[in-house]
1. Kindly establish whether THR84 is surrounded by fewer than 20 Cβ atoms within 10 Å (Cβ to Cβ) and either touching a residue at least 12 places away in the same chain (Cβ under 8 Å) or within 19 Å of THR133 (Cα to Cα) (or both).
2. Name the residue, out of VAL111, VAL118, that is touching a residue at least 60 places away in the same chain (Cβ under 8 Å) and in the same structural domain as ASP50 (by TED's automatic domain parsing).
3. How many residues, within segment 90-107, are assigned to a loop (DSSP other than H, G, I, E, B) and closer than 13 Å to GLU48 by Cβ?
4. Which residue pairs have Cβ atoms closer than 9 Å, lie 6 or more positions apart in sequence or on different chains, and pair a first residue in segment 47-67 that is over 13 Å from THR84 (Cα atoms) and part of a strand (DSSP E or B) with a second residue that is small (Gly, Ala, Ser) and at pLDDT below 95?
5. What is the number of the single condition among (1) under 15 Å from ALA79 (Cα atoms); (2) at pLDDT 95 or above; (3) among the aliphatic types (A, V, I, L, M); (4) touching a Gly at 6+ places or on another chain (Cβ under 9 Å) that ALA99 does not meet?
6. Restricting to segment 66-81, name every residue that is of a type in the set (S, T, N, Q) and surrounded by fewer than 16 Cβ atoms within 10 Å (Cβ to Cβ).
7. Can you tell me how many residues in segment 61-80 are more than 17 Å from GLN128 (Cα to Cα) and either among the basic types (Lys, Arg) or at pLDDT 95 or above (or both)?
Amino acid sequence: MVTAPNSQRCARAATALAAIAAASILATAPAHAANTVDITSAAPSSVEVDYNCEATAGVTSLQVMAGEPTTDRPAAIGAQNNLTCDGTQQVATVALTAAGGEPPLAQGAGVQVRAALVDQSDVVVSGQAKVLTLE
């Protein structure tokens, strides 16, 4: 009979901890889920990206790179700094310029495209990589 109060106390403590953990996860989930990037199309001179970011995410730019899927460096890069981060879906067209010493991208070429929402320290908040054929 002495063990009943101890086990009830343990059960109450475990329930309280579980409730706190669940509340913490639910409170932070929308902020993490709202920062997204989806590369929708690519051409030799630009990449179209659907993105969504919260104002609290600290996003300062959308950075894009494209190149041969098997190489270790991009053939073209671009960035867009004037983004709308209000939690709604947005579309950005990022202009690409040839990276130093690289030939321009050609229409019909298969490339890997990487796009990322980054903060002021160039830390990736959200990103995506896709292999596409340039339109």
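1. Numbers: surrounded by fewer than 20 Cβ atoms within 10 Å (Cβ to Cβ): yes; either touching a residue at least 12 places away in the same chain (Cβ under 8 Å) or within 19 Å of THR133 (Cα to Cα) (or both): no.
Answer is no for this residue.
2. Result of the check over VAL111, VAL118: VAL111.
3. Total meeting the criteria: 1.
4. Listed by first residue and then by second, the contacts come to MET65/ALA99; GLY67/ALA99.
5. Of the numbered conditions (1) under 15 Å from ALA79 (Cα atoms); (2) at pLDDT 95 or above; (3) among the aliphatic types (A, V, I, L, M); (4) touching a Gly at 6+ places or on another chain (Cβ under 9 Å), the odd one out for ALA99 is (2).
6. Of everything in segment 66-81, those that are of a type in the set (S, T, N, Q) and surrounded by fewer than 16 Cβ atoms within 10 Å (Cβ to Cβ) turn out to be THR70, THR71, ASN81.
7. Result for segment 61-80: 1.
The values are calculated or read from the model by the stated rules, or taken from the named source; none is laboratory data. Fair warning: this is a prediction, and the values are worked out from it, not measured in the lab. Because the Cβ atoms are built from the backbone with ideal geometry, glycine has one as well, and the counts that use them run over all protein chains shown.
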